[in-house]
Amino acid sequence: MKKTKNFLYLFGVFLVVVLFLVIVLYRYTTKELSDSYTKSAENQLIYANNNLAEKSREVELLATSVLTDDTVRFFKDKMDAGTLDDYEYVQTIKKIRERIKQVQYNSIGIEAVQLYWPSQDLVLSTKSKEQIQADPWFKDIKVKGRHWGNHGNTLYFSTSYPYVDLSDETPDFFVVIELKSSYLREIKDSSINLHDSKALIRLPDGTPLFDSNKLDGQLLNNISLTTKETELTVKGQKLKVLSRYNANNGLQVISYFDMGAYMGPVRWINGLTLFVTFLILFLGMLVMYLFYKDILSQLEILILKFRKVENGDLSTRIENKSNNEFRYVFEQFNQMVTGVDRLLLSLNSEYQRRDTAEQKQLQAQINPHFLYNSLFYIISVAENPKATRAMATHLAEYYQYRTRAKDLVLLEEEVGFARSYLSIMAMRKSIFYEIHVEEDLLDEMLLPLLIQPLLENAIHHGIEEKEGAHRVCLNIYKLDSGYEVSVEDDGKGLNDKAIIQLTKQINQAHQKNGQSIGLWNVNHRLINFYGANAHLCIEKSTQLGGLKVSFKMQGED
């Protein structure tokens, strides 16, 4: 039964382990796929950002080359000095135009190159006059030195001459290079490598470069320039957001994609795998359960009945309703229990007869020399009527109690008997005794003649063998369950080795002559009547310094 159940439990554990492994595999594959998507998108984003950074450096170098061109640099000075005639003026203008056109043609992604002299309100550009007149926005640039900015969706780089001049004077001229929107769009699109992923380019003023939807706007509001990787939930979508910021040109390239859209197929496959695995294991468990059902139910009945027999219920029987191999087992069980019941009844009667005979035998072994010594004491004090009367009274009470045929007595009677004995010994040997008993224990029942042998042992083997010893104490006090009876003396006591040896002697099955007859008798009477837990306990006395002998009586439940 146990092995069968253990097998089922093992199979259940196997099911749990398999489900756990499937769940772990699901989480692992999901994480790995997510990391793979993220890594791929990050690499693509870095590639696009590097292209944008390289183009920015290229534009800055081209603007610097135009700025330092001698023809461009000294054009204003010559005009201010009046050293240019009309022909030279036209040729110089033509040369400058050729120079900026060459800059535009030799570099991919440049929309226009423009020169602007504020003092002369002169503009030279690769754009047409109509385009310049329609939107001369660059004339409003007031930033000295190198500067990246945007005009709407137009990204530009501007630098002024002289760019090291920190005075408040207006620069001689500005060089402004615009980047093509189509080129920037290609860079933006190059950061996308996953289906349905999207990208943004945030301009220096914080707006997106191209037209965007509400989702893009909410996304920009939730990420900062320093954000490199994060997850956001926007409009119910769980988005993975990656970004790179270029501090030189103020642009931030952002790529994002919906994790749910990419992980959906994986979750579906893993969910299907989990379901199929669970279904297979469940069907296997069901087949095993159906196979063992009849056996397990019959075994459970048999085990239940055996447990009742173990608990002492020998009246239990199995009603035989099965038509399989268990029918014979159940019949044999019923016959066995019937036979055991008869045998135990016979054994109990025999044990009772044996215990009664043994208890009478043990009581009969009490030392008879006590009577002789007490009578000799009466003879010795015959001239003292008071002492003679007291000894005779105690002796009469003592033997009156001894000769009563009672199986059990009140604790109060047993304590009275002990007091009579101690009174006799106090008169004979000048012994001082104390008796401490909690009053609510006096109505407890116990075997007779249990305490007096302990007192006798304390006097003869403790007090009499140590010069100056004269105290013996009887304590009876409550425990959490029951009560304890202890006898202590101030005699010579025993060392640890001697205590162990004495404990072995009184627990031997047969008593040997000369070896603690009184303690052996009490110990075996306690064990035979109350069980092994009621045995005598021998230890050093912490109260009087001699020996302490005690036993515990358990209370009734």
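What to note about this one:
- Contact order relative to length of region 428-557, as percent, for alpha carbon pairs under 8 angstrom and 6 or more apart: 27
- The GluC sites (Glu not before Pro) of region 439-539 that meet both conditions, a loop assignment by DSSP and at most 13 other Cβ atoms within 10 Å of the site Cβ, are 465, 467.
- Packing-based ranking of 408-414, 521-527, 428-434 yields 521-527, 408-414, 428-434, ordered from highest to lowest mean Cβ neighbour count within 10 Å.
- Packing-based order for 272-282, 100-110, using average beta carbon neighbours within 10 Å, highest first: 100-110, 272-282
- Reachable lysines, given that their alpha-carbon falls under 23 Å from the alpha-carbon of residue 429 and they are not under 8 places away in the same chain: 386, 466, 492, 548
- Alpha-carbon centroid distance for the pair region 49-66 / region 416-460, whole angstrom: 114
- Potential lengthening between residue 465 and residue 225 on full extension [0.36 nm per residue; Cα-Cα distance subtracted]: 76.5 nm
- Qualifying GluC sites (Glu not before Pro) for region 109-188 [loop in DSSP, other Cβ within 10 Å: at most 12]: 169
- Between residue 182 and residue 46, the modelled label-to-label distance comes to 3.1 nm, taking each label 7 Å out from Cα in the direction of the beta carbon.
- Segment residue 319-residue 492, length gained on full extension (0.36 nm per residue, minus Cα span): 55.6 nm
- HN-Hα J in Hz across region 28-36 - Karplus 6.51, -1.76, 1.60, θ = phi - 60°, x for Gly and Pro: 5, 5, 4, 5, 5, 5, 4, 5, 5
- In this rough spin-label picture, where each label sits 7 Å from Cα along the Cβ direction, the residue 218-residue 443 distance is 8.2 nm.
- Potential lengthening of the chain between residue 392 and residue 133 amounts to 78.4 nm, from the contour at 0.36 nm per residue minus the alpha-carbon distance.
- At R0 = 22 Å, FRET efficiency that the Cβ-Cβ distance of residue 328 and residue 306 yields, to 0.05: 0.85
- Accessible surface, per residue, of region 1-129 when the full set of protein chains is kept, probe 1.4 Å, Å²: 59
- Label-point separation, residue 88 to residue 539 (7 Å along Cα→Cβ), nm: 12.5
The values are calculated or read from the model by the stated rules, or taken from the named source; none is laboratory data. Because the structure is a prediction, the values reported are computed rather than measured. For neighbour counting, all protein chains shown are included, and Cβ atoms are generated from backbone atoms with ideal geometry for every residue, glycine included. These accessible areas exclude ligands, DNA and RNA; they are computed on the full protein's heavy atoms, side chains included. Shrake-Rupley method; radii C 1.70, N 1.55, O 1.52, S 1.80 Å.
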